[in-house]
Amino acid sequence: MTEHEVKPQVKIISKPQNILRTVYTACRTCYSADSPININNCENAQDKEKALNLIKKVVSSGHYSTIEHVQISFAISGISRACSHQLVRHRLMSFSQKSQRYVKEKEQFDYIVPPTILKQPELYEKYQQFMQETTKLYLEMTENGIPAEDARYLLPNAAATSMVASLNLREMIHLANLRLCTRAQSEIRTLVKMMCDELVSTEPWLKEYLSPKCEKAGFCDEDKSCGRKPKKEELINGRND
Ligand SMILES: Cc1cc2nc3c(=O)[nH]c(=O)nc-3n(C[C@H](O)[C@H](O)[C@H](O)COP(=O)(O)OP(=O)(O)OC[C@H]3O[C@@H](n4cnc5c(N)ncnc54)[C@H](O)[C@@H]3O)c2cc1C
């Protein structure tokens, strides 16, 4: 691996201090005559358990507005343009991504190597050569007056990118449900796992929500199943027997 073959890095740069209390207050407000100002308190252990139970009941019944009040921002780098393209399909997220128009490559551009290519030495070498040759042509273009915004047409899906990505807790759970599924490509799966791990490291109670969709549904709705959960049809047929 060269210094230009990069790996994903993820860090939370902004999130509320009181996520649990915020979600609890939103849930409790719906069923209480009391003011949310008074409800906004679940500091001691007993209250925390009460809060977790209520949140579980409310969220599992599909009352999702209660988890939309929490906004989280991630600093992300070392992912491919292929991966960022998949991530930006999530329309309820907000993105600010490093521009290939305004940021000119000065030397070999950073890129990502998929694990399948890394495992095949001959193809891996050709892959590296391609990146070097592409850089050479890119630099020839920019050194001869072609603007970076046009020279970038040469850059492959493998080119590394960085971004700030923000989303609310509802979208974070949705993202995890879709992208932790083994049907998602390995790079975005790794990225989203890192995002979830970052959040869970300070909010361990969220672990059970940040799971592949089959964990939530109890079945797999994908064409090709990894076998983690039974297929939906298997469950229905099982019930009919
Ligand atoms: C394994 C996998 C394979 C994929 N393969 C392909 C592919 O081959 N080609 C391709 O083009 N895409 C592909 N996608 C992307 C996929 O189609 C979605 O665009 C992406 O996963 C975002 O999902 P979403 O729309 O649920 O989420 P978000 O955009 O994050 O939206 C969240 C939720 O908000 C609601 N919502 C948002 N916008 C609207 C709207 N306009 N109308 C109604 N409801 C809305 C929906 O309930 C949605 O689930 C793939 C995704 C996965 C996970």
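Each listed q (0.12, 0.19, 0.24 Å⁻¹) maps to a log10 I(q)/I(0) for the stretch 164-241 from the Debye sum over equal C-alpha point scatterers, namely -0.38, -0.81, -1.11.
Extension gain for residue 31-residue 149 works out to 37.0 nm (0.36 nm per residue, less the C-alpha to C-alpha distance). Checking the cross-link pairs 57/207; 7/224; 7/207; 119/229; 57/216 against a 19 Å limit on the alpha carbon distance flags 7/224; 7/207; 119/229 as lying beyond it. Working from Cα pairs under 8 Å separated by at least six residues, relative contact order for the chain is 23 percent.
Here the ratio of the Cα radius of gyration of the stretch 1-140 to 2.2 N^0.38 Å is 1.62. According to the Cα-based calculation, Rg over Rh for the chain is 1.08, with Rh computed by the Kirkwood formula. Both the radius of gyration and Dmax for the stretch 128-187 are 17.5, 48 Å, in that order, over alpha-carbon atoms.
Bridging of residue 126 to lysines at a Cα separation below 17 Å is possible for 136, once same-chain residues fewer than 8 apart are set aside.
Label-to-label distance, residue 222 versus residue 186, with points set 7 angstrom from Cα along the beta-carbon direction: 1.4 nm.
Each value in this text was obtained by applying a stated rule to the coordinates, not by laboratory testing. Predicted, not measured: the structure shown is a model, and the values here were computed from it. Heads up, the Cβs are rebuilt from the backbone with ideal geometry, glycines too, and the neighbour counts pull from every protein chain shown.
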